[in-house]
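Taken together, the values in this text are just the output of simple stated rules run on the coordinates, not laboratory data. Since we're looking at a predicted model, the values are computed, not measured. Using ideal geometry, Cβ is built from the backbone for each residue, glycine included, and neighbour counts are taken over all protein chains shown.
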Amino acid sequence: MERGVGPERAAEDHYVMREQRPAAEERDRIDRVARFVARDGDLSEAVLLRLLRITKNRQRWGFLAPDHPHHAYYLRRKVSEQCRILRRPSN
């Protein structure tokens, strides 16, 4: 089997194809949360997920759930922000 071809690669391709670009207002909210979580860590994401479960406010926090159409966008922005933070030169 060729390198990069197989179930793992197919799953990655499927994941990328499912990403939906949110509307501008929701995109701004997702970007802010992604920056917050990237800066403050996984505990902050856990708190927000708990807030989602308690309030059931999927309109505001739904993108944190893996089954939400904008979850892939959120993950991509979070990882991108984490990389940006790591590349930042320390003073």
Exercise. State all residues of the stretch 23-47 that are surrounded by fewer than 16 Cβ atoms within 10 Å (Cβ to Cβ) and hydrophobic (A, V, I, L, M, F, W, C); if no residue qualifies, say none.
Key: Ala23, Ala24, Phe36, Leu43, Ala46, Val47
Quiz item: For the stretch 76-87, does any single residue satisfy the condition of being surrounded by 12 or more Cβ atoms within 10 Å (Cβ to Cβ) and among the aliphatic types (A, V, I, L, M)?
Solution: yes
Practice problem: Could you grab me the full set of residues in the stretch 34-53 that are among the acidic types (Asp, Glu) and without any contact (Cβ under 8 Å) to a residue 12 or more places away in the chain? | Solution: Asp40, Asp42
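Looking at the stretch 54-71, which of its residues are in contact (Cβ under 8 Å) with a residue 12 or more places away in the chain, within 19 Å of Phe36 (Cα to Cα) and not small (Gly, Ala, Ser)? Working first, answer last.
Initial filter on the stretch 54-71 (in contact (Cβ under 8 Å) with a residue 12 or more places away in the chain): 60-61, 63-65, 69-70.
With the extra rule that they be within 19 Å of Phe36 (Cα to Cα), the set shrinks to 60-61, 63-65, 70.
Arg60, Trp61, Phe63, Leu64, His70, listed by residue number.
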